[in-house]
Amino acid sequence: MREASKNRKSKETDITVKLNIDGSGVSKINSGIGFLDHMLELFSFWGHFDLEITTNEADLKVDIHHTNEDLGIVLGQVFKEALGDKAGINRLGSMSVPMEDVTANVAVDISGRGSFKLTIEPSRILPINNPDPQPKDGYELKYAEHFFEAFAKQLGMNLNIKIDNPNPDLHATLEPVFKALGKALDIATQIDPRRKGVPSTKGVID
């Protein structure tokens, strides 16, 4: 079982994340940001990751920015630790998930070099927002971008996301993204029995 847990405490947040990569998609998530909790439940379910997230302290009364970004940081660190030397993993994964008119295309490469790119087609001609934010929530597209960037950089993953025909409703736009990310990362982290050692012609991923 590839498992890891981490607690990260700063002046702004105190976050604990527990992960089992080889799980069954069971999650218990309480970040204090209701919209993000729901998205991460989808990510966990479709990725077959057992995921437990507890935010012991957060400055949500000020802004959700720190909690949102710090959660991406810790999640990336936990995945990196659980993967160890990455021997035998597929490393690459991609998935396309539709939801009504929206299609999310996610491609990942656990290359050791973290980067994130978001492409939206057509370009953001319509406002994308959360039409019914929960108290102290108010999640916006920019927060998702901050979360994905922090997650990708800490894990050491190239993460490219393309959203076709985004919906003005943020929920309808981001739900297929988190589902696709879960599936793509599930593929990338699975062990290929044919692979001996680290999946790199250099012989190392760092």
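The values are calculated or read from the model by the stated rules, or taken from the named source; none is laboratory data. Computed from a prediction, not measured in an experiment: that's the story for all the values here. Reconstructed Cβ throughout: ideal geometry from the backbone, glycine too, with neighbour counts over all protein chains shown. We work out accessible area using only protein heavy atoms, side chains counted, and drop any ligands, DNA or RNA first. Shrake-Rupley method; radii C 1.70, N 1.55, O 1.52, S 1.80 Å.
In the range 25-34, of all residues being at pLDDT 95 or above and open to solvent by less than 30 Å² (accessible area, probe 1.4 Å), the one that is nearest to residue 143 (Cα to Cα) corresponds to 29. If you scan the range 151-180, which residues turn out to be open to solvent by 50 Å² or more (accessible area, probe 1.4 Å) and modelled with pLDDT of 95 or more? 153, 154, 160, 162 - these are the residues of the range 151-180 that are open to solvent by 50 Å² or more (accessible area, probe 1.4 Å) and modelled with pLDDT of 95 or more. For residues in the range 11-56 being part of a strand (DSSP E or B) and of a type in the set (S, T, N, Q), which is farthest from residue 69 (Cα to Cα)? Taking the candidates together, the pick is 20. Would you mind stating whether residue 148 is at pLDDT 90 or above and buried (at least 20 other Cβ atoms within 10 Å of the Cβ)? Spelling it out, residue 148 is indeed at pLDDT 90 or above and buried (at least 20 other Cβ atoms within 10 Å of the Cβ). Within the range 35-51, not a single residue is farther than 21 Å from residue 97 by Cβ and either open to solvent by 70 Å² or more (accessible area, probe 1.4 Å) or at pLDDT below 95 (or both). Out of all the residues in the range 89-104, which are within 14 Å of the chain's Cα centre (by Cα) and surrounded by fewer than 20 Cβ atoms within 10 Å (Cβ to Cβ)? Answer for the range 89-104, where residues must be within 14 Å of the chain's Cα centre (by Cα) and surrounded by fewer than 20 Cβ atoms within 10 Å (Cβ to Cβ): just 94. On the given criteria, is residue 22 open to solvent by 40 Å² or more (accessible area, probe 1.4 Å), under 23 Å from residue 188 (Cα atoms), touching a Lys or Arg at 6+ places or on another chain (Cβ under 8 Å) and acidic (Asp, Glu)? Taking the combined requirement at face value, the residue satisfies it.
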